[in-house]
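Report on the structure given below.
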Amino acid sequence: MQVFHGTIITCDENNTIANYLVEREGRIAYIGDTLPTQYEVVPPIELGTGAALPAFVDTHTHYSGFSVLHRMFPINDTDSNAKILEQLREYARTTKENTIVGFGATEFAVSEGYLLLKEQMDDACPDKPAMIIKHDAHSGVVNSMFIDAVHSKIANLRGFNSKTGELTQEAFAAACEFVFHGLSTKKVIDSMVETADFLASKGVGLICSASGLGFIRDYDFDMERSVAKGLDNGMQIRVAYQCTNVDKIAKKDITRVVFANLDGTFANQDASLLENYSNASHKGVSYYDDVEVQKFCVNANRAGYQIALHAVGDAAFEQAVRAISMALEDYPRYDHRHMILHGSLPTNKCLKICKKYNIMISVRPSMLSHIDGIEDFVKDMLSEERFKNINPLRNISDMGIKICFNSDAPASDPNPIMWIHDACNNKNADQSVSVYEALRMATYNGAYALFDEKERGTLEMGKSCDLVILNANPYDVPVEELKDLNVSELYLKGKPYQRSRTGSMATMLRGMFPQ
C-alpha cells in the first residue's frame with residue numbers, strides 16, 4: 001500500500017484536483033482531499049512542488065520499427081552532408097555489420113539543401129550495402145551495393161530513383177523489409193524490451209503499435225504481441241495489424257486494424273493534397289482509389305473492427321472520412337471508435353462529418369517542432385493560408401470531436417511533454433488549447449481511443465494505479481514553459497517502473513506461453 005500526498009491531477013471530466021491518492025494491490029483504493037483514518041499509518045510519498053497525473057498514452061507508433069532504428073547507426077550533427085559522410089565512412093570502417101543502416105538524416109537541416117546522393121555514399125562506403133533513412137522514417141537513400149542487393153525487389157516499384165539512390169513509398173517499404181529480414185530475432189526483441197524503458201522515461205504507460213509493414217511475413221506483429229504479454233513491469237502495449245485484407249486480419253484474432261497509408265508525408269511531398277504544392281506542380285500521392293478504401297472500411301466495419309486510417313494531406317483526409325462514414329451508413333455501430341491518424345490538414349466539411357459519425361482524430365501535435373527547420377520546410381511547400389490549417393486543434397475540439405495524441409515513432413520520438421506544450425502553443429496561436437484539454441488528450445482520450453478508459457486514463461477509484469509524477473505542476477507553469485517540465489517517476493500498477501527483470505527472449509517466451 002502507498003499513499004501519495006500533494007497535487008493529484010485526475011484528468012477526469014470535471015478536472016478534479018485531489019490532495020491524496022491511496023494505492024493498494026496495484027489499484028487506486030482512494031482519492032480525495034483528506035486522508036481517511038485507516039490510511040494515516042502509512043508514511044506518505046510527498047510530491048512537494050511536483051504533481052501526479054495519469055500515465056501518458058501514445059495512440060499510434062510503430063514499436064518494432066522504432067526499436068530497431070534507434071539501435072542502428074545514429075546520424076548526429078546533421079548540419080552538412082560532409083559530416084554525415086564522415087560518420088558513415090568511420091562507421092563502415094569499424095562495424096562488423098554486413099549491411100549498414102543509419103537513421104535521422106534531414107535534408108532541410110544540412111547546408112547543402114539536399115540529402116546525400118548515391119555517388120557520395122558509394123565513395124564513403126564502397127564495400128557494403130548502406131542505407132540512410134531520413135528523419136520521417138518514410139524514405140531514404142542507398143548506395144549502389146544496396147541497390148544491387150535488392151534490385152529485383154524494388155526495380156518496378158513506385159518511389160525507386162535509380163539515379164540518385166532515393167527510395168520512397170513502396171520501394172522504401174521493400175528496402176526496409178530487406179534490412180529487417182537480415183536482423184536476428186534476438187536483436188529485434190532486445191530492442192523492443194529496451195524501448196519499453198525509453199517510453200517509461202517519457203512517462204508513457206500505454207501505446208498502440210501499428211505492425212505488419214516492413215518485416216517479412218509480418219512477423220513483427222507476432223513478436224510485438226508476445227513481448228507485450230511477456231513484459232513484467234506494467235508497460236501496456238496494444239498491437240494493431242496494418243493490413244488491407246480483412247480475411248487475413250481475421251486470422252490474427254484482434255479488434256483494431258490500421259489500413260495501409262492512404263498517402264505519404266509532407267517531408268517527401270507525397271501527402272495527398274486537394275491543390276498543388278506551392279513549390280511543385282503536383283498534388284502528392286494517393287496510394288489507393290476511393291473504391292478500394294471504401295470496400296475495406298465497409299468490410300472491416302461489418303466485421304466489428306476498429307478502423308484507423310493514416311491520412312496526412314487534405315485530399316487523403318477527405319478520402320478517409322468518406323470511407324468511414326460510408327461504412328457506418330452501411331452498418332451503423334454505436335461504439336466503433338474509428339479514427340483518422342494524423343489528419344494534419346483537415347477540411348471543415350469533413351470535420352462536420354467526423355462530428356456526425358463520432359470519428360476521432362489522433363494528431364501529432366509536435367509535427368512542426370520535433371526537428372529543427374521543419375516548420376519553414378513545410379511552410380515553403382504550402383500556401384500561407386493552407387499552412388494555418390495544419391493541426392487546427394481548437395477548431396476540432398470546439399466541434400466536439402475527440403482528439404488524442406501520437407508520435408508515429410520512429411517518425412518522431414514519443415515525448416508527451418512536448419505534445420502538451422505544442423498543443424498549448426500551437427504554431428497558429430488561435431488553434432491552441434488549454435492545459436487541461438492538452439492533458440486530457442494525452443491521457444484519457446488516448447485510453448478511450450484504445451478501449452482502455454475503464455482501466456486507465458484518469459486517476460479514479462478502482463482503476464489501475466498508472467501515474468506519472470512531474471517535477472512541477474503544469475497548471476502553475478507559464479504555458480510557454482511547459483516544455484521544460486520533466487518526468488520524475490512513472491508508476492505502473494502501483495509499482496515504480498523497473499526494467500524487465502528477465503532477459504528479452506524469456507520475456508517473449510513468457511508472452512507466447514503464459515503460465
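The values are calculated or read from the model by the stated rules, or taken from the named source; none is laboratory data. Since the model is a prediction, treat every value here as computed from it, not as a measurement. Please note: Cβ atoms are built from the backbone with ideal geometry, for glycine as well, and neighbour counts cover all protein chains shown. Just so you know, the surface numbers come from the protein's heavy atoms only, side chains and all, with ligands and any DNA or RNA stripped out. Shrake-Rupley method; radii C 1.70, N 1.55, O 1.52, S 1.80 Å.
I'd like to check something: does region 417-427 contain any residue that is open to solvent by less than 40 Å² (accessible area, probe 1.4 Å) and farther than 24 Å from Phe387 by Cβ?
Yes.
Counting only residues that are polar (S, T, N, Q) and closer than 24 Å to His181 by Cβ, how many does region 221-264 have?
Qualifying residue count, region 221-264: 5.
Matching residues to (1) modelled with pLDDT of 90 or more; (2) surrounded by 15 or more Cβ atoms within 10 Å (Cβ to Cβ); (3) hydroxyl-bearing (Ser, Thr, Tyr):
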{"position": "Val68", "(1), (2), (3)": "no, yes, no"}
{"position": "Ser80", "(1), (2), (3)": "no, no, yes"}
{"position": "Asn98", "(1), (2), (3)": "no, no, no"}
{"position": "Leu157", "(1), (2), (3)": "yes, yes, no"}
{"position": "Phe160", "(1), (2), (3)": "yes, yes, no"}
{"position": "Lys186", "(1), (2), (3)": "no, no, no"}
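Which condition breaks for Leu382 when tested against (1) hydrophobic (A, V, I, L, M, F, W, C); (2) within 25 Å of Arg256 (Cα to Cα); (3) over 22 Å from the mean Cα position of the chain (by Cα); (4) open to solvent by less than 50 Å² (accessible area, probe 1.4 Å)?
Only one criterion is unmet by Leu382, namely (2).
May I ask you to say which residue of Asn299, Asn268 is open to solvent by 50 Å² or more (accessible area, probe 1.4 Å) and either out of contact with any Asp or Glu (no Cβ under 6 Å at 6 or more places or on another chain) or of a type in the set (Ser, Thr, Tyr) (or both)?
Asn299
Yes or no: Ser366 among the polar types (S, T, N, Q), without any contact (Cβ under 8 Å) to a residue 60 or more places away in the chain and in contact with a strand residue (DSSP E or B) (Cβ under 8 Å, 6 or more places away or on another chain)?
When the stated conditions are applied, Ser366 does not pass them.
For the subset of region 162-184 comprising residues that are in contact (Cβ under 8 Å) with a residue 24 or more places away in the chain and among the hydroxyl-bearing types (Ser, Thr, Tyr), which member is surrounded by the most Cβ atoms within 10 Å (Cβ to Cβ)?
Ranking the candidates gives Thr168 first.
Which pairs have Cβ atoms under 8 Å, sit 6 or more apart or on different chains, and link a residue in region 442-465 that is basic (Lys, Arg) to one that is in a helix (DSSP H, G or I)?
If the second residue must be in a helix (DSSP H, G or I), the pairs left are Arg456/Ala447.
Which of the residues that make up region 235-246 are open to solvent by 10 Å² or more (accessible area, probe 1.4 Å) and more than 20 Å from His338 (Cβ to Cβ)?
Passing the criteria: Gln236, Ile237.
Go through region 412-470 and give me each residue that's over 19 Å from Met360 (Cα atoms), among the hydroxyl-bearing types (Ser, Thr, Tyr) and touching a Gly at 6+ places or on another chain (Cβ under 9 Å).
Correct list: Ser464 only.
Which helices (runs of 4 or more DSSP H) does region 159-259 wholly contain that include 2 or more residues that are under 28 Å from Ala300 (Cβ atoms) and acidic (Asp, Glu)?
In region 159-259, the matching helices (runs of 4 or more DSSP H) lie at 169-181, 219-230.
Can you find, within region 162-183, the residue that is modelled with the highest pLDDT among those that are over 15 Å from Ser67 (Cα atoms) and β-branched (Val, Ile, Thr)?
Thr164
Taking helices (runs of 4 or more DSSP H) that do not extend beyond region 408-515, which have at least 1 residues that are at pLDDT below 95?
504-512
Could you check region 32-59 and list, in sequence order, the residues that are buried (at least 16 other Cβ atoms within 10 Å of the Cβ), closer than 21 Å to Tyr497 by Cα and not small (Gly, Ala, Ser)?
Of everything in region 32-59, those that are buried (at least 16 other Cβ atoms within 10 Å of the Cβ), closer than 21 Å to Tyr497 by Cα and not small (Gly, Ala, Ser) turn out to be Pro44, Ile45, Leu47, Leu53, Pro54, Phe56, Val57, Asp58, Thr59.
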